[in-house]
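Asks: I'd like to ask some things about the structure below.
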Amino acid sequence: MTLPVDALALPLQSWLRLQRDAVPLAQRAEALRHTVLACGPVRQAWYLCWQASSCTYAQEGGGLPLPPGQGDPLEASDLRLFERLQQHPQLSLEALRQLPCWLAGRLRRAALSHGQALALELLPGQPGLLLLEVNEDASLDWLPGLHSMLGQFIQLASGMARSAPLLAADPQPTVLLDAQAQLLDSNLAVQRLLGERPLSTLAQLLPVNYVPLVRACLSQGRAIEAVEAEDGARILVWIFIPDAVAQRVLARCRDASVEVHEAREATQARRLYRLITENTTDLISRHTPDGCFLDASPASWTLLGYWPEQLRGVRVQSLFHPQDQAVLVQRTAEALEQAGYHTMTYRIRHQAGHYLWFETASRAIRETYTGAVVEVVSVSRDITARVQAEEKRRRLAEVVEANTDLVLFIEADGALGYLNPAARQALGLHADAALPALDSLLPAADLARLHGEGRLTAEQQGVWNSEAQLLRLAAPPLPVSLVLLAHRAAGGERYYSLVARDMTERELREAQQRRHQDELAHTARLVTLGELASGIAHEINQPLAAVVNYAGASQRYLQSLASNPQAAERVAQGLERITEHANHAAEVIKRLRGFLRKGQRRMQALQPDEVAREALRLCQWEASNRQISIDEAFAPSLPTVYADRVLLEQVLLNLLRNALDANREAHPDEPSRIELSAREEPGQLCIRVTDQGAGVAAEALAHIFTPFYTSKPEGLGLGLSMSRSIIEGFGGSLEAHPDQTGGLCLECRLPLGRSEVEAFEQSEQSED
């Protein structure tokens with residue numbers, strides 16, 4: 001078998017260099033191990049040095065440690081082996097295992113059997129042996145040649161001059177390169193750097209452009225330093241030193257992984273810090289312990305109107321609000337000295353002169369050994385909007401707390417979250433009592449309206465209004481007016497606020513107002529009745545006169561009953577007429593009593609044409625006396641309306657009498673006409689009274705419904721005002737506008753169906 005010369009070239013070169021540079025034995029042994037391991041068949045190699053004092057061989061250099069031999073270590077001896085190698089410098093491992101020596105037992109325990117032991121002196125006068133384990137399938141014939149070659153190299157190296165005296169002693173990995181960047185020599189540190197990799201892979205450790213660097217180094221006659229090369233995760237920094245005379249370059253490197261990584265991290269940190277300080281909206285600043293600005297981020301311009309250069313050397317206390325200076329300075333200094341950290345809220349002056357609310361977090365930077373505060377780093381932000389918002393919320397909270405209305409907060413799940421003091425008092429809850437469930441405060445119908453119509457309307461329009469009753473502990477229900485407000489949280493959840501106003505006093509006032517209105521209406525009816533007294537007297541006197549006449553005639557016929565056979569029939573006819581006229585008078589009196597009835601209004605379904613004709617009959621006699629005809633123009637099949645019959649009749653009577661007065665003034669002692677019409681319009685019933693009077697001026701038309709406004713010398717000015725109030729109470733309207741013929745048209749509009757007000761009054765009447 002021939003030796004792999006190419007594989008051995010560089011390892012032999014390094015080993016020979018170490019031999020000639022007189023390095024310690026351990027380094028020579030390690031270099032020898034790497035040299036023979038470059039041979040393909042060699043599996044393991046050890047170099048053992050003869051210890052004359054103990055008569056044993058000791059391992060030098062690297063390699064796996066051999067196990068101890070058999071027997072007592074104090075009696076260990078390799079003398080027989082030493083003597084045998086003096087006679088035969090080559091010995092197979094199989095033969096060595098048979099010798100009675102300590103090393104034989106070590107080989108047996110290590111299971112080493114295929115290889116050779118070669119006597120070799122790396123240091124003159126210090127015998128040793130080289131143990132080689134080769135592959136099982138490899139021959140041992142080439143090992144004597146290797147032994148001979150190594151021996152010759154050792155003799156040659158002892159007589160060679162040292163070409164690089166500092167190479168072996170350099171603790172840093174160092175290589176010697178020629179002008180073409182070919183490897184001439186290397187030290188042991190290079191091999192440690194390579195690890196298990198062969199020396200032929202040295203180019204992996206060098207910079208990728210090491211060939212041009214070597215040439216530039218020689219051509220320029222200067223060293224080139226700080227050239228980085230990466231070896232996996234390691235970063236090597238090389239320096240190339242030229243030898244212009246010998247045309248060689250000494251290349252040294254050091255592991256700068258930690259240094260370079262720290263420098264890169266520091267650079268990245270500085271860049272990150274610069275990006276943060278230059279782009280953050282918060283003010284980042286450095287201060288002396290007494291508060292002078294050392295530096296500030298560019299945010300100082302946007303926040304305070306000062307550039308960083310303008311703030312350097314300025315005491316931050318000079319920008320504080322006068323009311324905050326004394327307390328802030330003392331409190332901040334104490335906190336930084338004791339805890340090293342402090343957060344404060346204060347007012348600071350803008351360059352424009354106004355004050356802003358700032359929140360500043362400060363941290364003390366201490367001296368390493370003494371612990372004294374040498375610098376303060378602060379981060380400040382403008383919280384003016386937040387402070388103002390908190391102030392508004394505080395004021396709103398105070399308003400809610402002090403509000404006499406009942407305020408209830410409803411969470412997204414429908415549970416009550418808050419009751420203000422007025423609500424707790426109204427519901428009979430103590431201040432520390434648990435919040436009740438919402439369904440225990442409202443009747444089922446009101447609760448259903450709140451969850452259904454109320455929430456939907458509030459979410460769509462923002463607010464929902466209604467009236468309901470709140471159920472109280474040991475107290476009757478409380479009538480309230482409800483206002484439901486819908487809100488949306490930051491996360492999108494819906495929650496609600498319920499404001500309830502106690503309507504007890506309002507209902508009392510409304511009831512009193514209705515009583516006053518009824519009194520006024522009754523008074524107005526009395527006044528109207530007085531004005532219609534002659535007509536009413538005629539309506540009563542006419543049937544009474546007829547009754548008297550028919551009664552006298554009947555008496556006469558009764559006296560002639562015996563002589564006149566038709567007298568009985570005449571008496572019967574007279575009695576029939578008496579009954580008819582008496583009923584007529586009774587009906588007139590009944591209508592008068594109904595018209596003058598004093599009591600609460602009673603809402604009911606009415607036929608508008610019937611009510612209109614009743615009012616017409618009350619003023620028919622007055623109209624005929626004044627030569628005024630009242631024409632009816634009622635549309636067929638008029639719908640019913642919900643109103644009080646007496647009050648509606650009173651309104652129509654007032655409108656008709658105003659029309660009669662207007663016609664009398666415009667046409668004295670002349671015939672004229674009034675039109676009373678009624679027709680259905682979309683959602684309304686329209687009743688019109690149109691006269692042929694002189695009309696009303698535009699400036700007076702705007703005031704005719706004003707209380708106590710009248711154009712009549714003897715008038716009170718309450719008729720039309722009361723009429724409008726009554727119609728509006730029915731949910732309708734009463735308006736006046738000029739007619740095309742020149743007269744005045746009074747138009748009364750009533751809603752079709754039952755309004756909420758009418759339904760409430762109807763239920764109130766049913767309760768009474």
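Each reported figure results from applying straightforward, stated rules to the coordinates on display, with no laboratory input. Predicted model only: the values in this text are computed from it and were never measured. Note that each Cβ is placed from the backbone with ideal geometry, even for glycine, and that neighbours are counted across all protein chains shown.
Asks: Return the long-range amide H neighbours of Gly695 (sequence gap of 5 or more, or a different chain), with a cut-off of under 5 Å between placed amide H atoms.
Replies: Distant-sequence amide H within range of Gly695: Leu744.
Asks: Mind giving me the nanometre distance, one decimal, between the label points for Thr288 and His487, set 7 Å out from Cα along Cα→Cβ?
Replies: 5.0 nm
Asks: Is any residue of the stretch 195-232 close enough, with backbone N under 11 Å, to a label point placed 7 angstrom from the Cα of Arg254 along the Cα-Cβ axis, and if so, which?
Replies: 226
Asks: If the label point is 7 Å along Cα→Cβ of Met149, which residues in the stretch 185-204 have backbone nitrogen under 17 Å from it?
Replies: So the set is 199-200.
Asks: Also: For labels at Ala702 and Leu435 in the simple 7 Å Cα→Cβ model, what's the distance in nm?
Replies: In this crude spin-label approximation the distance works out to 5.2 nm.
Asks: Another question about this same structure. Where the only charges are on Cβ atoms (+1 Lys, Arg; -1 Asp, Glu), what is the dipole of the stretch 192-347 about its Cα centre, to the nearest 20 debye?
Replies: Details: 17 positive and 18 negative charges, 91 e Å.
So the magnitude is around 440 debye.
Asks: Between Val208 and Leu272, take the C-beta separation as r, use R0 = 35 Å, and let me know the FRET efficiency to the nearest 0.05.
Replies: On the way: r = 30 Å, r/R0 = 0.85.
Once the sixth-power term is evaluated, E becomes 0.75.
Asks: Moving to a separate point now. Let me know the shape class of the stretch 52-124, please: from the alpha-carbon gyration tensor, a ≥ b ≥ c as square roots of the eigenvalues, rounded when a/c is under 1.5, otherwise prolate if a/b is greater than b/c, or oblate. Provide the component values of the computation, followed by the final result.
Replies: Values: a/c = 1.21, a/b = 1.11, b/c = 1.09.
Since a/c stays below 1.5, the shape of the stretch 52-124 is classed as rounded.
Asks: Determine the distance separating the Cα centre of the stretch 427-478 from the Cα centre of the stretch 242-320; give it in Å without decimals.
Replies: 63 Å
Asks: Let me ask something else. Among Ala52, Leu85, Leu66, pick out the residue whose Cα is farthest towards the positive end of the charge dipole of the stretch 40-115, where Lys and Arg carry +1 and Asp and Glu carry -1 on C-beta, about the Cα centre.
Replies: Ranked along the dipole, the leading option is Leu66.
Asks: Expected output is a single nm value to one decimal: the length gained when fully extending between Ala633 and Ala415, i.e. 0.36 nm times separation in residues minus the C-alpha distance. What is it?
Replies: Working: separation 218, 0.36 × 218 = 78.48 nm, distance 5.97 nm.
Gain in length upon complete extension: 72.5 nm.
Asks: What's the exposure ranking of Tyr341, Tyr642, going from fewest to most Cβ atoms within 10 Å?
Replies: On the way: Tyr341 11, Tyr642 21.
Listing Tyr341, Tyr642 from fewest to most nearby Cβ atoms yields Tyr341, Tyr642.
Asks: Tabulate in residue order the Karplus-calculated ³J(HN,Hα) for the stretch 108-120, using 6.51 cos²θ - 1.76 cosθ + 1.60 with θ = phi - 60°, rounded to whole Hz; enter x for Gly and Pro.
Replies: After applying 6.51 cos²θ - 1.76 cosθ + 1.60, I find 4, 5, 7, 6, 9, 9, 10, x, 9, 10, 10, 5, 8 Hz.
Asks: Given labels modelled 7 Å from the Cα in the Cβ direction, how far is it in nm from Arg215 to Asp405?
Replies: With each label placed 7 Å out from Cα toward Cβ, I get 9.2 nm.
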